[in-house]
Amino acid sequence: MSRTKKDNWIIYLLYFSWLTSFIAMLGSLYFSEVKGYIPCELCWYQRILMYPFVLILGIATFKKDISVIKYVLPLSIIGSLVSIMHYLEQKKIIFFKIKPCVSQVPCDTIYINWFGFITIPFLAFIAFCIISILLSIIAFKTRKH
């Protein structure tokens, strides 16, 4: 594979990371602004971690700058951990509150339950995982030996 094709492949992975964050942001805005679902406190933490990715990964893709991985990947992993813990709390798999909710909506509120297991935190978890996997592949393929 020529160097140019390899570089393009890496940029495509960066682009798909950005696209994932963009879709996740639009999805969360749809649920809150169109459907009227009020985000709980843990949902806000997930938004705080996801929303900047749209700008950061968008600029990185445009500039073809993979150095952002060292900043975005740890935050994406943290976001996936927050999401999975939120999901487990919603599904009553863990029997303690991760954080006592002080907002108007309890963190175990389930607005959607597609196929009996897909909730909003589950969707956020999938988005964070996709971003983490794609950025990990880029990091692995571009690491210096």
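Every number here is computed from the coordinates shown, using simple stated rules; none is lab data. Note that the coordinates shown come from a computational prediction; the quantities given were computed from them, not determined experimentally. Using ideal geometry, Cβ is built from the backbone for each residue, glycine included, and neighbour counts are taken over all protein chains shown.
Between Asn8 and Lys70, residue separation times 0.36 nm minus the direct Cα-Cα distance comes to 20.3 nm.
Annotation: the residues Arg47, Arg143, sorted from fewest to most other C-beta atoms within 10 Å of their own C-beta, follow the order Arg143, Arg47. Along the range 106-113 the Karplus relation, 6.51 cos²θ - 1.76 cosθ + 1.60 evaluated at θ = phi - 60°, assigns HN-Hα couplings of x, 5, 9, 5, 10, 7, 10, 8 Hz to successive residues, with x for each Gly and Pro. Think of it as helices only: each DSSP H run of n ≥ 4 in the chain is worth -39500 (n - 2.57), and spread over all residues that comes to -23000 deg cm²/dmol at 222 nm. Comparing Trp114, Trp18, Trp44 in a Gaussian network model of the chain where C-alpha atoms under 10 Å apart are linked, the largest mean-square fluctuation is found at Trp114. With neighbours defined as other Cβ atoms within 10 Å of a residue's Cβ, the residues Phe140, Phe115, Phe62, Phe31 order from fewest to most as Phe115, Phe140, Phe62, Phe31. In plain terms, the chain from Ile133 to Lys92 could stretch by 12.0 nm, reckoned as 0.36 nm per residue minus the Cα-Cα distance. Placing a label point 7 Å from the Cα of Glu33 along the Cα-to-Cβ direction, the residues of the range 45-84 with a backbone N closer than 14 Å are 51. Here the chain yields Rg over Rh of 1.04, to two decimals, using C-alpha coordinates and the Kirkwood radius. Put +1 on the Cβ of each Lys and Arg and -1 on the Cβ of each Asp and Glu in the chain; which of Leu81, Cys40, Tyr12 then has its Cα farthest toward the positive end of the dipole? Value computed over the given set: Tyr12.
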